[in-house]
Structures are given as C-alpha cells and as structure tokens.
Amino acid sequence: MIRRPLIIAAAMASLFSAPAFAQNLSPKAQYAYDTKQANTRYADDKRLCAEETSSKARMQCLRDAKSEFDQAIINAKAAQKAGNSYASQPSKPQAQICADCGKVVAVNVTEKAGEGGALGMIGGGVAGALLGRQVGSGRGKDLATLAGAAGGAYAGKQVEGHVKNSKVWTVTVQYETGARADFAFDQDPGLQSGDLVRNSGNGIARR
C-alpha cells in the first residue's frame with residue numbers, strides 16, 4: 001500500500017473518487033485539468049513508493065498508485081462525457097411577451113337608449129294639436145291645441161327614441177403585459193370569455 005499521512009490520504013480519496021471541478025470550465029478544459037491533477041498525484045505516489053524499504057512493498061505501492069491513477073482518468077473521462085451531453089442539450093428559449101396579444105376575460109351586453117329626432121317631435125306635435133283642438137272652445141280651445149302640440153311633440157320624441165334603442169357588446173381583454181382594455185361593438189363580435197385575441201386596427205380580432 002502507498003504510505004501517506006492520514007490527512008493526505010483522506011484528501012486523495014475524495015480527489016480520486018470523483019474529478020475535482022474547477023469553476024467555469026468547458027468539458028474539454030475540465031478534462032485537461034483533471035488529468036493534470038491525476039498525473040501530478042501519480043508522480044507524487046511513485047516518489048513515495050521509492051521510499052519503501054523492500055522491493056515487494058515498492059511493487060505493491062506502485063500497483064496501488066497505478067490503480068488510483070487509472071481510476072482518476074476514468075472518472076475524468078466520465079465527467080467530460082456528462083459535461084458534453086449537458087452542453088449539447090438545446091436551451092429552452094424564453095417565452096417572449098406579445099404586447100398586442102391577450103385573452104377575453106368578460107363579455108357584457110347592455111342596451112343603449114336611442115334619441116328621438118325632429119321627425120318624432122313633428123309627428124307627435126301634429127297628433128297632439130289635433131287632439132287638443134277637440135277640447136274646449138274659443139281661447140280655451142287654442143290653449144288646448146298648444147298644450148296638445150307640446151305634449152305630443154315630447155311624447156313623439158320619446159317614442160322615436162325607444163324605437164331606436166340598440167345593444168352594445170363590451171369585450172374586456174387582459175393583455176400578456178398585464179394591462180386591460182374594453183372594446184365596444186354595436187354588433188355581436190362572436191367572442192366569449194377565454195378566447196385569445198390580438199389588436200387589429202382600432203379593435204381586436206381572434207388569433
């Protein structure tokens with residue numbers, strides 16, 4: 001056996017059980033480093049073996065030293081192979097954020113009140129005036145006509161506005177950036193919560 005101080009023997013056992021890894025080295029450079037360490041240790045072992053008092057002990061010492069050297073080289077080659085395998089694995093590309101891309105998180109339908117126009121006012125006013133003339137006589141009849149015209153105009157405007165009521169679809173989008181935005185449509189956009197969309201002009205479109 002190779003005679004070494006206890007501390008050195010423990011350190012060498014750790015060294016040759018697995019290659020010593022230097023920081024930030026490529027697999028090829030790491031292998032060169034490990035083999036250099038193994039050759040240095042082998043040379044030291046042979047000098048120790050030369051100090052043995054008998055030829056038998058020297059031969060046994062040299063055999064042990066050679067065995068440790070061979071194991072160190074095997075470990076270095078295995079480490080290089082493992083390093084090459086790891087380095088050859090393609091790195092996963094980082095997902096890029098699409099600022100124009102998002103997901104529909106809500107779709108709300110509301111009714112927008114319409115506004116009556118001049119046509120409704122005129123029609124209502126005429127009808128109201130005709131009804132007003134049927135009431136009273138003389139000056140009272142004239143006042144009734146005016147009141148009927150005014151009331152009819154207001155009623156006509158309200159009726160026309162009700163006829164013009166319309167639905168509005170409000171789509172809420174959550175973007176990949178974390179921002180939110182609402183888009184209003186006067187017709188059903190055919191979107192529902194969970195749909196993936198992206199900006200398209202002043203609106204959005206399914207992607």
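The values are calculated or read from the model by the stated rules, or taken from the named source; none is laboratory data. This structure is a prediction, so every number in the text was calculated from the model and none was measured. Methodologically, a virtual Cβ is constructed for each residue, glycine included, from the backbone with ideal geometry; neighbour enumeration extends over all protein chains shown. Just the protein is used for accessible areas: all its heavy atoms, side chains included, with ligands, DNA and RNA removed. Shrake-Rupley method; radii C 1.70, N 1.55, O 1.52, S 1.80 Å.
Taking the Cα-to-Cβ direction at A113 and at K81 and moving 7 Å from each Cα, how far apart do the two end points lie in nm?
8.3 nm
For D188 and R58, compute 0.36 nm times the residue count separating them, minus their Cα-Cα distance, and round to one decimal in nm.
Between D188 and R58, full extension yields 37.4 nm more.
Please check which bits of region 180-207 a label hung off C101 would reach, taking the label as a point 7 Å along Cα-to-C-beta and the cut-off as backbone N under 16 Å.
Output list for this probe position: 194-200, 205-207.
Mind giving me the nanometre distance, one decimal, between the label points for N202 and A29, set 7 Å out from Cα along Cα→Cβ?
Distance between the two pseudo-spin positions: 5.9 nm.
Rounded to the nearest whole Å², what accessible area per residue is found for region 162-207 with the 1.4 Å probe?
Value for region 162-207: 67 Å² per residue.
Contour minus end-to-end for N165 and K46, with contour as 0.36 nm per residue of separation and end-to-end as the Cα-Cα distance?
Contour length minus Cα-Cα distance gives 32.7 nm.
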